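Inspection log for the structure reproduced underneath, given as structure tokens.
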């Protein structure tokens, strides 16, 4: 995801709005009465957007990592395979995690070992202050992402942050304004836009195979019942307990925004409508697994079990996203793309359907024959994906 898109995508992480159109006595619509308006603050003078930012070329990109719990070690390991990079520093609240990450460098044959920072809530600031780091990679809990991004940029560093990059509108604008003021890259690391199927479909869309894309779907459907105990200080479950809405939207939103070319080609997200189910599974988990938690406390749970959000764009297109981390459902990002000439679907089975030749005008189509609505064959799909 690009830098200014942090604002537009992150809106969906924290906003939960039920939007209704009101009709007055004369029959005319008054759509603003029940709509929660999100105002765009006045832009500070002298700032330049970073959508097309090109930083000076570096022969070696020197990287520091903050957060070495669930996600951080995998990021460190990936960077050991990237030519032209040097892992300079590693930081985590816990010293043993830093030591484990050091073994990743040792096994990769990358001496010397990185500088280690741990044991203090502010140790990450010391890493950001180093003058031998070009890029700070952030893989901590959500609530610290924006603060760390802003501080790193103010220390002259580019930043790459796992999603979501910001949790409030104030944080969103702080990240955007800092990136524009310092002219530093602030990349939201939405890995799902780089999935092979999503990238191939994006290429097909850009080549016009699907015609005009009118609708897209995405989600984060992932039962986290086996993972709740592994988040430092229980931060992720507590965030879901305290906040309502789609709190983790970008896995579904990122690929959808790309295929619709949002905020790049004259279109933007204008309005959303959300609703959710009551919470059941996570409160039951709290009662059964957390030492007999009081049911009244457990069911005082803000986030619904399933949250559905419909979005309409400036140019009359729609997006549907879902969030469900509690139900025993197969993992799904629900990725679908529907255009005027074709269709793509990733879950549960990957497939493409494209517009073919129309039937003879003198012969009425057989409504019982659904073959015209099937996906292309596996052979055609594979050939199409290789060609595109």
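What follows is calculated from the coordinates using simple rules that are stated; it is not laboratory data. Keep in mind it's a predicted model, so treat the numbers as computed, not measured. Cβ sites come from the backbone with ideal geometry, for glycine too, and all protein chains shown count toward neighbours.
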Provide, for q = 0.20, 0.26 Å⁻¹, the log10 of I(q)/I(0) from a solvent-free Debye sum over equal Cα point scatterers in segment 193-285.
-1.04, -1.44
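Quick one: compute the contact order of the chain, relative version, from alpha carbon pairs under 8 angstrom and 6+ residues apart, as a percent.
Relative contact order for the chain comes out at 17 percent.
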For the pair residue 315 and residue 268, how long in nm is the line joining their label points, each one 7 Å along Cα→Cβ?
1.5
Cα-based Rg of the chain per 2.2 N^0.38 Å, rounded to two decimals?
1.10
So for the chain: antiparallel DSSP bridges make up what percent, rounded to the nearest 5?
50
Cα-based Rg/(2.2 N^0.38 Å) for segment 151-243, rounded to two decimals, is 1.44
Report the dimensions of segment 209-249 along its three principal axes from the alpha-carbon atoms, largest first, rounded to Å.
48, 21, 13
How do 315-324, 206-215 rank on mean C-beta neighbours within 10 Å, highest first?
315-324, 206-215
Mean Cβ count within 10 Å, highest first, over the residues of peptides 347-355, 252-260:
252-260, 347-355
Based on the mean of other beta carbon atoms within 10 Å per residue, what is the order of 41-50, 325-334, 175-184, most packed first?
175-184, 325-334, 41-50
Cα long-axis angle, helix 196-206 against the chain (0 to 90 degrees, to the nearest 10)
50
